[in-house]
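S.K.: Submitted below is the structure of interest, expressed as structure tokens.
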Amino acid sequence: MTTTAKPARSGFSGWLFGRLPALTAEALALVALLLAAVGSSPLWALPPAVLAVGLLAWTWRGALSGGSVSSGQTIVSRILLLAGAYVLSAVHGSLGPALAVGVGVAALAVLGEPLLMAVSRSVYPVAANLPGTGVRPLLRPNTRRAVLVNGAAVLVALVTAFTKLPGVIALVVATAALGLVAFTGWQAMTRVGARHGSEAKLLATLTAYEPVFLVHWNAPAGTAYQIAMWLPYLERLGKKYFVLVRSEANFNEVVALTMAPVILRSGLTEIDDVIAPSLRAAFYVNTATKNNHVIRYTNLTHIQLNHGDSDKVPSHNPVFRMYDKNFVAGQAAVDRFAANGVSMPAEMFAIVGRPQVEHVAIATEPISSIAKPRVLYAPTWAGFYTDSNYSSLLVGYDIIKALVARGCSVVFRPHPYSRRSADLTRECERIRVLLAEDRRANGTPHVFGAKAETEMSVVDCFNASDVMVSDVSSVVADYLYSEKPFAMVAVSAPAATFTDDFPLGRAAYVIDAYGGRVQGLDPALDDLLGSDPLASTRRDLKKYYLGDIPADGYAQHFLDEASRYL
């Protein structure tokens, strides 16, 4: 069964849905203001005012626990509430100079938020770990704190108006709020100036650093695995380099991974600032659209590394033709392009193996000799598009249940993008609950959750398993290096025709899940965990997919090839 993510709301309905809490708060605040003006008692305005404040607190619930805060959508409701406090006090005789001035000062603080946010957005890091640019990258000032204090000033003004407390209380809180807005704005302007200073001397600083190559990476947040798998090997090249990223989220992710310089340049026109004269090559680990921004520098050799090798549709995307060299794991990758009508001359490829598998342990005994094998279940995610959805997670529970019934222990490591889909997230949780219950009832040493997904690397999971069940995914080709048996779940095509589109399936025990229902599971598991008739096929395809490269110095083959262009 092929599944797609539920479409997001778009157009007017999407805008309305996103604005609904703010619009409701504005309506309630307006009602409170009108009732304050015409009501015979202050209590008339109390219910809508309380509801409006409650809705604002609900909207900001994430900010109260340290998250971000939405300012722009709540400005109107807060100004209306302040107006309500002023009118309420004026109509019912409790308005004094202190409260009147306090309401005005609080309004100035709230109205100053858009300018504060605009200046703050102009604060972003330029570089980290680059000699000559300071130790720490620039950080945005804490605008969340200013907005929350402004909210407190609005609340205090309302309480003062309803309870007839001394107006000086509202004035003091409002003055503190306006002062915090002004101080935060000063911080932001100072850091914008520092950012401009760093940018002005960036090319000179990089020129003095004399990097030999750069690594360009642009990807959605939470995708750091793409670059993390390559950084250790690029370090081993022994040349100066830097990582060029295009978003602040990517910047923060890479800074946590390496001590090499990390540069953030978001716009096309900003790339000139980083093309130092000493640069010889640029490496890429995905086919992001923004790769085009660097490809245009013809004085560099552009080398695509990619972040995995598989029979998926994205692995033979025609966009690979724009790179000078495509480093691929084995001849299978070269043939895949031709088989799918993507014509590329042989000189555009370099077979370098998959250095990331150098520490994958090779099987030392047949699977039939292991009484209670440990099975790695590593399903992929649903992909961005329907034609690249190969995930077996929607039937994964049935597969895991069958493995548990056979006494197998399971290492469960779903693709990190699985959490982007509510359906896949739910299935992951069902599997974790099943494994937890079996571990509790029978003591089976299943591994799942943070242990399998973050504490252990992919290679750790490979080495902790005796067999694997996966989908059309790069982890299958990597697992091939171990020569251990594996199964692939046929989701996008019936098992009978699966190998037509996915040749690696010739080395796999194929589990048919086409149409959303698992078929032929027991025979596939019998072969996978028993006689293993495909053992010799795996050994042959290992060279085809991962290169005919000696195990000793396997990763060195990549390093030698990459060094040719530096």
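The values are calculated or read from the model by the stated rules, or taken from the named source; none is laboratory data. Treat the numbers as computed from the prediction; the structure is a model and nothing was measured. With ideal geometry, Cβ positions are generated from the backbone for all residues, glycine too; neighbour counts draw on all protein chains shown. These accessible areas exclude ligands, DNA and RNA; they are computed on the full protein's heavy atoms, side chains included. Shrake-Rupley method; radii C 1.70, N 1.55, O 1.52, S 1.80 Å.
S.K.: How many of the residues in the stretch 316-337 are touching an Asp or Glu at 6+ places or on another chain (Cβ under 9 Å), over 20 Å from ASP478 (Cβ atoms) and not basic (Lys, Arg)?
M.R.: 0
S.K.: Output the residue which, of all residues in the stretch 140-150 that are touching a Phe, Trp or Tyr at 6+ places or on another chain (Cβ under 9 Å) and not in a helix (DSSP H, G or I), is surrounded by the fewest Cβ atoms within 10 Å (Cβ to Cβ).
M.R.: Residue satisfying both the conditions and the ranking: ARG140.
S.K.: Residue by residue through the stretch 429-455, note down the ones that are within 18 Å of ARG406 (Cα to Cα), in a helix (DSSP H, G or I) and touching a helix residue (DSSP H, G or I) at 6+ places or on another chain (Cβ under 9 Å).
M.R.: Once the filter is applied, which keeps residues that are within 18 Å of ARG406 (Cα to Cα), in a helix (DSSP H, G or I) and touching a helix residue (DSSP H, G or I) at 6+ places or on another chain (Cβ under 9 Å), the stretch 429-455 yields ILE431, LEU434, LEU435, ASP438, ASN442.
S.K.: If you don't mind, there's one more thing I want to ask. Name the residue that is surrounded by the fewest Cβ atoms within 10 Å (Cβ to Cβ), counting only residues in the stretch 440-460 that are over 23 Å from ARG419 (Cβ atoms) and in contact (Cβ under 8 Å) with a residue 12 or more places away in the chain. Give the derivation first.
M.R.: So the first thing to find is which residues in the stretch 440-460 are over 23 Å from ARG419 (Cβ atoms), and the list is 440-445.
Keeping just the survivors that are in contact (Cβ under 8 Å) with a residue 12 or more places away in the chain gives 444-445.
Values: THR444: 16, PRO445: 10.
Among them, the one singled out is PRO445.
S.K.: Follow-up. What is the number of the single condition among (1) in contact (Cβ under 8 Å) with a residue 60 or more places away in the chain; (2) under 28 Å from the mean Cα position of the chain (by Cα) that LYS484 does not meet?
M.R.: All conditions are met except number (2).
S.K.: Here's another thing I want to ask about it. All but one of (1) free of Cβ contacts under 8 Å to residues at least 40 places away in the same chain; (2) among the aliphatic types (A, V, I, L, M); (3) surrounded by fewer than 17 Cβ atoms within 10 Å (Cβ to Cβ) hold for ALA228; state the number of the condition that does not hold.
M.R.: For ALA228, the failing item is (3).
S.K.: Now a separate question. Of the residues in the stretch 102-141, how many are of a type in the set (S, T, N, Q) and out of contact with any helix residue (DSSP H, G or I) (no Cβ under 7 Å at 6 or more places or on another chain)?
M.R.: 1
S.K.: Could you give every pair whose Cβ atoms fall below 8 Å, whose first residue belongs to the stretch 316-344 and is open to solvent by less than 30 Å² (accessible area, probe 1.4 Å), and whose second residue is acidic (Asp, Glu), counting only separations of at least 6 or pairs across chains?
M.R.: PHE327/GLU561; VAL328/ASP309; ALA329/ASP309; GLY330/ASP309; GLY330/ASP548; ALA332/ASP309; ALA333/ASP309; ARG336/ASP311
Quick grid of which residues meet (1) among the polar types (S, T, N, Q); (2) open to solvent by 40 Å² or more (accessible area, probe 1.4 Å); (3) free of Cβ contacts under 8 Å to residues at least 40 places away in the same chain; (4) under 24 Å from LEU28 (Cβ atoms):
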{"site": "THR74", "(1), (2), (3), (4)": "yes, no, no, yes"}
{"site": "LEU99", "(1), (2), (3), (4)": "no, no, no, yes"}
{"site": "VAL126", "(1), (2), (3), (4)": "no, no, no, no"}
{"site": "ALA152", "(1), (2), (3), (4)": "no, yes, yes, yes"}
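S.K.: Let me ask another. Taking the options SER368, SER421, name whichever one is among the small types (Gly, Ala, Ser) and modelled with pLDDT under 90.
M.R.: Numbers: SER368 fails: modelled with pLDDT under 90.
The conditions single out SER421.
Matching residues to (1) without any contact (Cβ under 8 Å) to a residue 60 or more places away in the chain; (2) over 18 Å from PRO220 (Cα atoms); (3) buried (at least 18 other Cβ atoms within 10 Å of the Cβ); (4) not β-branched (Val, Ile, Thr):
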site: ASN286; (1), (2), (3), (4): no, no, yes, yes
site: TYR297; (1), (2), (3), (4): yes, yes, no, yes
site: THR301; (1), (2), (3), (4): no, yes, no, no
site: HIS307; (1), (2), (3), (4): no, no, yes, yes
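S.K.: Follow-up question, since we're still on this one. Could you tell me how many of the residues in the stretch 249-274 are open to solvent by less than 10 Å² (accessible area, probe 1.4 Å) and in a helix (DSSP H, G or I)?
M.R.: Here the count works out to 5.
S.K.: Moving on to the next point. Quick one: how many residues across the stretch 112-133 are within 28 Å of the chain's Cα centre (by Cα) and not in a helix (DSSP H, G or I)?
M.R.: Result for the stretch 112-133: 10.
S.K.: Condition first: open to solvent by 70 Å² or more (accessible area, probe 1.4 Å) and modelled with pLDDT of 90 or more. Now tell me which residues in the stretch 32-46 satisfy that.
M.R.: Correct list: LEU34 only.
S.K.: Consider the stretch 461-481. How many of its residues are of a type in the set (D, E, K, R) and more than 22 Å from the chain's Cα centre (by Cα)?
M.R.: Total meeting the criteria: 2.
S.K.: When ALA555 is evaluated against the numbered criteria (1) assigned to a loop (DSSP other than H, G, I, E, B); (2) touching a residue at least 60 places away in the same chain (Cβ under 8 Å); (3) farther than 28 Å from VAL410 by Cα; (4) not hydroxyl-bearing (Ser, Thr, Tyr), which criterion, by number, is the only one it fails?
M.R.: Only one criterion in (1) assigned to a loop (DSSP other than H, G, I, E, B); (2) touching a residue at least 60 places away in the same chain (Cβ under 8 Å); (3) farther than 28 Å from VAL410 by Cα; (4) not hydroxyl-bearing (Ser, Thr, Tyr) is unmet by ALA555, namely (1).
S.K.: Determine which single condition THR497 fails, assuming it passes every other condition in (1) modelled with pLDDT of 90 or more; (2) over 23 Å from ILE367 (Cα atoms); (3) of a type in the set (Ser, Thr, Tyr); (4) over 31 Å from the mean Cα position of the chain (by Cα).
M.R.: (1)
S.K.: Looking at GLY11, is it at pLDDT below 70 and either open to solvent by 30 Å² or more (accessible area, probe 1.4 Å) or under 16 Å from LEU155 (Cβ atoms) (or both)?
M.R.: The answer is yes for GLY11.
S.K.: Does the stretch 169-192 hold any residues that are open to solvent by 50 Å² or more (accessible area, probe 1.4 Å), touching a helix residue (DSSP H, G or I) at 6+ places or on another chain (Cβ under 9 Å) and of a type outside the set (Gly, Ala, Ser), and which are they?
M.R.: Selection gives ILE169, VAL172, THR175, LEU178, PHE183, MET189, ARG191.
S.K.: Based on what the data block shows, is LYS201 within 34 Å of the chain's Cα centre (by Cα), open to solvent by 20 Å² or more (accessible area, probe 1.4 Å) and of a type in the set (Lys, Arg)?
M.R.: Working: within 34 Å of the chain's Cα centre (by Cα): yes; open to solvent by 20 Å² or more (accessible area, probe 1.4 Å): yes; of a type in the set (Lys, Arg): yes.
In short, yes.
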